[in-house]
Structures are given as C-alpha cells and as structure tokens.
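The values are calculated or read from the model by the stated rules, or taken from the named source; none is laboratory data. These figures come from a predicted structure and were not determined experimentally. Cβ: placed from backbone, ideal geometry, glycine included. Neighbour counts: every protein chain shown. For the accessible areas, the whole protein counts, side chains as well, though only heavy atoms, and no ligand, DNA or RNA atoms are used. Shrake-Rupley method; radii C 1.70, N 1.55, O 1.52, S 1.80 Å.
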Amino acid sequence: MAKAALITGITGQDGSYLAELLLDNGYEIYGLIRRLSTPNFTRVEHVADRITFLEGDLTDQSSLNIAMQTAQPDEVYNLAAQSFVATSWNQPVLTGDVTGLGVIRILEAIRQFSPDAKFYQASSSEMFGAAESPQNEQTVFHPRSPYAVAKVYGYYSTINYKESYNLFACNGILFNHESPRRGIEFVTKKITDGVARIHCGLSKELRLGNLDAKRDWGFAGDYVRAMWLMLQQDKPDDYVIATGESHSVKEFVDEAFSSVGLDWQNYVKMDERFMRPADVPELRGDASKAKNKLGWVPLTSFKELVSMMVEQDLIKYKKSDSDCIFGVKP
Ligand code: NDP
Ligand code: GDR
C-alpha cells in the first residue's frame, strides 16, 4: 500500500520540492494550507491535482487534529513557519507562536491521533547563530533572532516528545538552501531577481544590507532528499545538512552580476533598512554525520546554484536572448 505523508508548508519553497520527491516515490500526499483571501498555489500548481489539500493553521490546534485524523499519515513533515528572519523582529510574538509553539501543536496532534507516524521538524542553522564555524550536531546554540529562538524551542520540543512518548521524531538542522522558487525577500533571490531586472533595463540599482555575512548555501532540491532519508532510518536522530562551504553575500553578488557580464560595484547600494538588529556573521555546516549515516551529499555547487537562479529570473523578464519584456513585475 502507498505510504501517506502530511506536509505542512507545502506551498513554500521546500514543500514544493518535497511534494515532487514524495510523489515520484509513490506517496499519497496531504498538504496543509492556511486560508488566504487569495489562494497561493504558485509553487505547487503543476502537481496540485495529485495532492489532497487540508485547511489548517499552525496556530490552531483543532485544525491540526482534524488534519491528522483525516490523513492518518505514515510520515509528517513540519515545514510551515514564519521563516523570514528579518520579519521576526517586527512580529516576534507571531513568530514564536507559529515557528515555536506550532511545533508542539503538531506533535500533540501526532501523539493523540497518529502516534506511529514518523515526524520531521524543519530545524535551522540559525539556531547556531553566533557559534564558531564549522557547526555540527554537537555545537552549542547561540540564537540571534526571535526566529532562531523559536526554532530552538521547536528543536527541543521534538526531542522531548521523542523521549517522553517514544515518537519517531527527527530534527533536520538545515543550512540555507535556495532555488528559483525561493521567496523574493531572501537575499539570494533578491540578488538574482535584481540582476535580471538590471540586465533587462527594468532597474538601475540593487539595495542590500550586510554584504559581509557568510552563509553555507545549497540547493533546496538536494536538501529535501535529506529530509526524506531521515524518516527512512530505523531510529530517529538529528542531522546537520550543509555543503561545508561558506560564501559572503558580496561573493554571491559578484558571481550573479558577473554571470551576465556586469560589475556589481556599479549597481549595488548599501541600505541601512536591510541591516538587522543582530546578524549572524558566518554559518558553515559540517554534514559528516548525514554523509556517513544517510549517505547524503549535496549534488549542486555554489556556482551552479547561482547560475540556475539567475537563468530562471532572466527567463522571467526576457522575451528572447536579446530582448527583455518591459514592465513585468517579479
Ligand atoms: P517558506 O517561507 O518558503 O514557506 C513557509 C511555509 O509555511 C509556507 O507554505 C507558508 O504558507 C507556511 N506557513 C506560514 N505560516 C503558517 C501558519 N501559521 N500555518 C500554516 N502554514 C503556515 O519556507 P521554506 O520552504 O524556505 O522553509 C521550510 C521550513 O524550513 C521553514 O520551517 C523554515 O523555517 C525552515 N528552514 C528553511 C531553510 C532555508 O534555507 N530555506 C533553512 C533551515 C530551515 P503560505 O504559502 O500560506 O505563506
Ligand atoms: P537567513 O536568510 O536570514 O540566513 O535565513 P536571508 O537570505 O534573509 O539572509 C542571509 C544574509 O544576508 C544578509 N543580507 C540580506 N538579507 C536579506 N534578506 N535582504 C537584504 O537586502 C540583505 N542584505 C544582506 C542578511 O543580513 C543575512 O546575514 C534563511 C531562512 O530561510 C531561514 O528560514 C532559515 O532558517 C535560514 O536561512 C537557515
């Protein structure tokens, strides 16, 4: 019989790639979606007819209970979150509620209605924050944002429910992963979209914050494979997923502008509005445990990632190789 999976955050970047992977593996998929005045299926519309969507919200316990009872899943992937770090200073309470308490709510729904389901929690390298690089599963957390603090709560809740109720519950501690489907406010997508707009004459400049921050950037398509692998093991465990390489925002900018033959220094402007009250200087993960135990390695290089994203954004604005559509909005 086909396995059933419930994915929260299915309309997000990772949810869409994970849905594709699980469908390819013959799963029956249930996707939790929240009620919006304008439904947002952009990232999953190509597979929407193969997914059963269930209405629910991580802030609403009863909706999670109903979703769990309806789906009776073998596997639950909790990808939903208020995931934008910068917003977490403007909406710290909401971020704590969705990104932190939301994890306990979904664990409670599993405990009561589907205790044999295997659970994946989308934990984050942001939990390491100010800790020295490279970071692995033993590194002590030093979260630097309300988002990161909420993720630490979700991380320990996942371990606590495993220890208290013997649930099969895993944390994937994923470092930054990007793709052409990345939300526009995240720095990589903002840069590749900006490069495409400038290249097509739709913009003259790109305003950014801290160019010195370093991140370990991988490709989301590679990272959802690691999520799935964690739930195929005999025992639940926690894993760091990363490429092991870090690059500064400036290096990402340079690579993206160079790929269309432009010098970034002529276009990029520093803007205080995009600086954070407390930033994370460098994240660089050591994913040796995932390599040894899951057989997981990233397949996409930094250069391939940047060029994949720039290329997709150029297609969005270009009519042909030499022509750009004027006035198209991102
Ligand atoms: P996105 O921001 O692209 O997607 C977030 C998803 O959560 C969306 O589907 C969104 O729905 C949903 N959501 C938000 N609030 C609620 C709520 N109250 N109830 C139900 N659903 C909600 O995130 P990513 O795909 O990039 O990330 C997936 C997960 O992995 C997140 O938990 C993120 O924090 C974590 N993570 C991400 C990393 C990365 O580099 N991408 C790295 C490490 C961890 P809607 O479409 O309606 O807004
Ligand atoms: P991050 O991603 O905070 O690492 O969280 P983001 O792309 O937002 O920022 C990365 C770094 O770039 C610097 N930066 C800017 N960031 C944005 N968004 N906009 C700018 O203009 C800009 N200029 C410089 C930031 O200061 C930061 O240092 C992502 C999210 O996906 C989280 O959900 C996830 O948990 C972590 O990655 C791992």
With an 8 Å cut-off on Cα pairs and a minimum separation of 6 or more residues, tell me the relative contact order of the chain in percent. 17
Considering the chain as a Gaussian network with a 10 Å cut-off on Cα pairs, which listed residue, SER301, SER145, SER164, attains the greatest mean-square fluctuation? SER164
Report, in whole Å, the centroid distance computed from the Cα atoms of the stretch 242-310 and the stretch 94-170. 25
Evaluated at q = 0.09, 0.16 Å⁻¹: base-10 log I(q)/I(0), Debye formula over Cα of the chain: -0.47, -1.44
Only Lys, Arg, Asp and Glu count, each charged at its Cβ (+1, +1, -1, -1), so figure out the dipole size of the chain about its Cα centre, rounded to 20 debye. 420
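Can you give the accessible area per residue of the chain, in Å², using a 1.4 Å probe?
On the way: 14930 Å² over 330 residues.
I get 45 Å² per residue for the chain.
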What distance in nm separates the simple spin-label points at GLU55 and ASP279, each placed 7 Å from Cα in the Cβ direction? 4.2
Regarding the stretch 46-108, what's the average projected area of the Cα-atom convex hull, expressed in nm²? 5.2
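Of the beta bridges DSSP finds with both residues in the chain, what % are antiparallel, to the nearest 5?
10
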Out of the GluC sites (Glu not before Pro) in the stretch 74-167, which ones are loop residues according to DSSP with at most 13 other C-beta atoms within 10 Å? GLU132
Check every DSSP H run in the chain and write down those whose alpha carbon atoms cover 27 angstrom or more along the long axis and whose mean Kyte-Doolittle hydropathy is 0.5 or greater. none
Quick check: from the Cα gyration tensor, does the stretch 174-225 come out rounded (a/c under 1.5), prolate or oblate? oblate
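So, with a 1.4 angstrom probe, what is the percent of accessible area on the stretch 88-188 that is carbon and sulfur?
Carbon and sulfur atoms account for 50 percent of the accessible area of the stretch 88-188.
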